[in-house]
1. Being modelled with pLDDT of 80 or more, within 20 Å of Asp147 (Cβ to Cβ) and surrounded by fewer than 17 Cβ atoms within 10 Å (Cβ to Cβ) is true for just one of Gly198, Gly207, Gly203. Which residue is that?
2. Where residues in region 138-168 are part of a strand (DSSP E or B) and among the polar types (S, T, N, Q), which of them is nearest to the chain's Cα centre (by Cα)?
3. Across region 107-129, what is the number of residues that are at pLDDT 95 or above and hydrophobic (A, V, I, L, M, F, W, C)?
4. Is there a residue in region 155-166 that is surrounded by 15 or more Cβ atoms within 10 Å (Cβ to Cβ) and on the phi > 0 side of the Ramachandran plot?
5. What pairs can you find where one residue is in region 112-131 and under 18 Å from Asn81 (Cβ atoms), the other is open to solvent by 70 Å² or more (accessible area, probe 1.4 Å), and their Cβ atoms are less than 7 Å apart, with a gap of 6+ or different chains?
6. Residues that are part of a strand (DSSP E or B), within 22 Å of Tyr174 (Cα to Cα) and not basic (Lys, Arg): does region 74-87 have at least one?
7. Under the condition of being part of a strand (DSSP E or B) and open to solvent by 20 Å² or more (accessible area, probe 1.4 Å), which residue from region 51-71 is nearest to Asp117 (Cα to Cα)?
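The values are calculated or read from the model by the stated rules, or taken from the named source; none is laboratory data. These numbers were taken from a predicted model, which means no experiment stands behind them. With ideal geometry, Cβ positions are generated from the backbone for all residues, glycine too; neighbour counts draw on all protein chains shown. Calculation scope for accessible area: heavy atoms of the full protein, side chains included, ligands and nucleic acids excluded. Shrake-Rupley method; radii C 1.70, N 1.55, O 1.52, S 1.80 Å.
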Amino acid sequence: MTSQLNIYKRKIYFILFFNLISVFALSQETNYKFDILSVKDGLSHNSVYSIWQDHLGHMWFGTQDGLNKYDGYKFSFFRHNPKDPNSLSTGNFGKIYQDSEGIFWFGTYGGGLDRYDPKTNQFTNYSYDAEDSTSLSNNQVQFVFEDSFGELWIGTAHGGLNKFNKTEQNFKRYQSNPQLRKNYGSRRAYCIGETSYGNLWIGTGDGLFKYIRSEDRFEVY
């Protein structure tokens, strides 16, 4: 009985050892190739801050000198034109996001939030207005995110969190209020994620915040 058990163990060890050798051999044979796309290939600027693949498979690149769209063969550009109110608000781009309706949202560094409709090929800008409490809270956008309920959230570097009202075309701000700890408590919103229950987690400069959707309140970690 002991002899048979030892033989069985040796067979198991041999199978495990063979599998490990095979995996190691395959990993050693894998070669990765990188193609470099730069201004020499038509990119508007070599400083690339964000990348997005749209619903049609095109690649979008936000750079220090405008927005680039790449179809796999050539680049097309979108830049700010001071004479055109329907152009980009600035040339310095940070975040790219395409929502479920196919609309693009571009978060900029200093120019606020730009909306782009591919059907009309026009841009609409949303920016901070000191006289309007329903405007975007800050022009330096850190992220754009659409949740499973179709609501659009925008995080800013110095103005907290924003929720966009698509019907009214304005924003609800979630900002720091030390007297109301159930409210959002930071002016810096850096990243966001959603759980399977529909709750949102927001990473900030002042800890982690969990948004309880059913109660429209936040828990602070």
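1. Numbers: Gly207 fails: within 20 Å of Asp147 (Cβ to Cβ); Gly203 fails: surrounded by fewer than 17 Cβ atoms within 10 Å (Cβ to Cβ).
That would be Gly198, the only listed residue that is modelled with pLDDT of 80 or more, within 20 Å of Asp147 (Cβ to Cβ) and surrounded by fewer than 17 Cβ atoms within 10 Å (Cβ to Cβ).
2. First pass over region 138-168, keeping only residues part of a strand (DSSP E or B): 140-146, 152-156, 161-165.
Now drop any that are not among the polar types (S, T, N, Q), which leaves 140, 142, 156, 162, 165.
Numbers: Gln140: 14, Gln142: 8, Thr156: 12, Asn162: 15, Asn165: 19 Å.
Top of the filtered list is Gln142.
3. Count: 1.
4. Yes: one or more hits.
5. Between residues of region 112-131 that are under 18 Å from Asn81 (Cβ atoms) and residues that are open to solvent by 70 Å² or more (accessible area, probe 1.4 Å), the close pairs are Gly112/Tyr128.
6. Our first condition is that a residue be part of a strand (DSSP E or B); within region 74-87, this holds for 75-78.
The next check asks that each one be within 22 Å of Tyr174 (Cα to Cα); those that pass are none.
No, there is no match, as no residue in region 74-87 is part of a strand (DSSP E or B), within 22 Å of Tyr174 (Cα to Cα) and not basic (Lys, Arg).
7. Initial filter on region 51-71 (part of a strand (DSSP E or B)): 51-53, 59-63, 66-70.
If we keep only those that are open to solvent by 20 Å² or more (accessible area, probe 1.4 Å) as well, we get 51-53, 59, 61, 69-70.
Working: Ile51: 18, Trp52: 16, Gln53: 16, Met59: 16, Phe61: 17, Lys69: 14, Tyr70: 17 Å.
Of everything passing the filter in region 51-71, Lys69 is nearest to Asp117 (Cα to Cα).
Every residue, every condition in (1) at pLDDT 90 or above; (2) among the small types (Gly, Ala, Ser), yes or no:
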{"position": "Asn19", "(1), (2)": "no, no"}
{"position": "Ala25", "(1), (2)": "no, yes"}
{"position": "Lys33", "(1), (2)": "no, no"}
{"position": "Ile51", "(1), (2)": "yes, no"}
{"position": "His55", "(1), (2)": "yes, no"}
{"position": "Trp60", "(1), (2)": "yes, no"}
{"position": "Gln64", "(1), (2)": "no, no"}
{"position": "Leu67", "(1), (2)": "yes, no"}
